[in-house]
Amino acid sequence: MDIASLLAELKSYLTETFALVDAWFDQPAALRAYRPVDLGWTIDEVLAHIDLTNHYLLILIEKGTAKALANTQGRDLAAELATYQFPSQKLAAIGVLHGFAWARPDHMQPHLNQRPLPAIRQQLRDQLGQALGCLDQLPHGEGLLYQTTMSVNDLGKLNVYEYAYFLAQHARRHLTQMQENAAEAASASQA
């Protein structure tokens, strides 16, 4: 496994994903407030949900980073890297809207009345820095040395790098949702 290439790809993917999410804050307020016919979330609610989910995922990523660094003692990192294959296909399913049933915990329900939209936007920007900072601490493959169980879609144990990719894929899933909302809103305004 070429860890430098993996890290470069992860950082690029995170940066691109967060930029795509950030662009939605610049859309007209009426579009962001549009409630889909299926009574799903508005774009503003989706943005709040991404922020909230990232918050909890980053707690796990930061703890995993610290534990992975602590696990470097007595472990053969070269051997771990030699046999490691990044499970991009398995994790790609997370980014597909409607790809599987996702039972969201109640604490991930967005509540726009708790935080203003500019604060959510800034928090998302800060979260990108947080995620990239964790990856920067694991430049030699140390992120392989700690795993945490992810129950979503029966993924099982994920290492720190895989959790970072999961975070980006979760946001990608909701980018599709916001695009669907925008398309529906455009159709409704022409009807």
**Prompt:** Can you tell me which residues in the range 78-121 are more than 28 Å from E9 (Cα to Cα), at pLDDT 90 or above and surrounded by 14 or more Cβ atoms within 10 Å (Cβ to Cβ)?
**Reply:** L117
**Asked** Do any residues in the range 3-32 that are under 19 Å from T53 (Cα atoms) have Cβ atoms under 7 Å from those of residues that are modelled with pLDDT under 95 and surrounded by fewer than 16 Cβ atoms within 10 Å (Cβ to Cβ), where the two are at least six apart or on different chains, and which pairs are they?
**Response** F25/L117
**Request:** Taking only the range 125-157 into account, find how many residues are in contact (Cβ under 8 Å) with a residue 12 or more places away in the chain and either hydroxyl-bearing (S, T, Y) or in contact with a strand residue (DSSP E or B) (Cβ under 9 Å, 6 or more places away or on another chain) (or both).
**Result:** 8
**Prompt:** Does L124 count as modelled with pLDDT of 95 or more and out of contact with any Ser or Thr (no Cβ under 8 Å at 6 or more places or on another chain)?
**Reply:** yes
**Request:** Find the residue count for the range 10-52, including only residues that are of a type in the set (D, E) and surrounded by fewer than 15 Cβ atoms within 10 Å (Cβ to Cβ).
**Result:** 4
**Prompt:** For E62, which of the numbered conditions (1) more than 16 Å from L135 (Cα to Cα); (2) touching a residue at least 24 places away in the same chain (Cβ under 8 Å) fails to hold?
**Reply:** (1)
**Asked** Considering only residues of the range 141-167 that are modelled with pLDDT of 95 or more and part of a loop (DSSP other than H, G, I, E, B), which is nearest to T65 (Cα to Cα)?
**Response** Y146
**Fill in**
F18 fails exactly one of (1) assigned to a loop (DSSP other than H, G, I, E, B); (2) within 13 Å of the chain's Cα centre (by Cα); (3) among the hydrophobic types (A, V, I, L, M, F, W, C), namely (1)
**Request:** Give just the number: which of (1) crowded, with 20+ Cβ neighbours inside 10 Å; (2) more than 24 Å from L31 (Cβ to Cβ) does H174 not satisfy?
**Result:** (2)
**Message:** Testing V37 on (1) in a loop (DSSP other than H, G, I, E, B); (2) within 30 Å of Y84 (Cα to Cα); (3) of a type in the set (V, I, T), one condition comes back false. Which one is that?
**Reply:** (2)
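The values are calculated or read from the model by the stated rules, or taken from the named source; none is laboratory data. Here the structure is a predicted model, which is why all the values come from computation and not from measurement. Note that each Cβ is placed from the backbone with ideal geometry, even for glycine, and that neighbours are counted across all protein chains shown.
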